[in-house]
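Asker: My questions all concern the structure below.
The values are calculated or read from the model by the stated rules, or taken from the named source; none is laboratory data. These figures come from a predicted structure and were not determined experimentally. Cβ placement follows ideal geometry from the backbone for every residue including glycine, while neighbour counts extend to all protein chains displayed.
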Amino acid sequence: MPQTVSDRRFHLAVLLTASALAGLSTSGVPLLLGQTDDQGQELFEEKCTACHSLGSDRIVGPGLAGVGEHRDHEWLVAFVTTPDRLIAEGDSIATRLLAEYQVPMPNLGVTAGEADLVLAYIERAGAAATVLGDAPTFPAGDPKMGQRLFTGERQLENRGPSCISCHSINTLQPLGGGTLAKDLTSAAATYGGGLTTVLDETPFPVMQDVFADHPLTPQEVADLAAFLAQVDESSSGRSRLAFPFAGFVGTLFLLVLTGVLWRARLRGVRKPLIGGRS
């Protein structure tokens, strides 16, 4: 039976509706031709898992559960694609995050379309997971071995460069240290439980270039993490002692200064009196 104009219009409407629905992810974010929800997961695993969990756990950066409920979608896309620009422009949220987590989010070359896919995946999966996949386990670490690895006294198994070639620690000042990257004296406090993840995943661009073909072994990760934790603890202990010591020295100095000035004052008063008697 030949189709009427109304039939054709009805079928066209159904086709357009189906096409529109097919072009949406499960979270309602439009997908580009050829893109699927699986790509959001793949991008998250490739770009994000080194620093973020899907739950509320902090690794290097914050956990991302519910992030779409707390941040505007356009801002999230801008921060995922060009975090360096937002930080440079003094964006209030980006600046606050940097102050809290001490590590700037790197520009990973993510496009706006890819950011949409990642955010859609986070929205779907974040509420149901605390961390993507099984958390890696590491052996017990030896801080003494960690120091030897850090300083290069002991070569890394996969022949990567020693940490001191790029980083410094204030307790190792006689040895100097590199200035290419930040001082790691407070690394354990900065990264908390995410320290082993940083050492294992090497999420920062320079580290990725250096260690791509020379990864740290699980034992080396554990040893270095144990050493950095020890450094942070001893540094914090010195800081706690520094204040009362400085207070004691300052008080002693004021007492000595007061005594000197008071003696000078007394001599200044006595001399005229003695001179008047004679």
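Asker: Restricting to the stretch 62-90, name every residue that is among the hydrophobic types (A, V, I, L, M, F, W, C) and under 16 Å from residue 123 (Cβ atoms). Please lay out each step first, then the result.
Answerer: Within the stretch 62-90, the first condition is being among the hydrophobic types (A, V, I, L, M, F, W, C), and the residues that meet it are 64-65, 67, 75-80, 86-88.
The answer is 64, 65, 67, 75, 76, 77, 79, 80.
Asker: I've got another one for you. Given the structure, is residue 215 of a type outside the set (Gly, Ala, Ser), in a loop (DSSP other than H, G, I, E, B) and at pLDDT below 75?
Answerer: no
Asker: How about the stretch 94-111: which of its residues are surrounded by 14 or more Cβ atoms within 10 Å (Cβ to Cβ) and hydrophobic (A, V, I, L, M, F, W, C)?
Answerer: Result: 94, 97, 98, 103, 105, 108, 110.
Asker: Applying the selection to the stretch 155-199, what residues are exposed (fewer than 13 other Cβ atoms within 10 Å of the Cβ), free of Cβ contacts under 8 Å to residues at least 24 places away in the same chain and either within 15 Å of residue 143 (Cα to Cα) or among the polar types (S, T, N, Q) (or both)?
Answerer: 155, 173, 179
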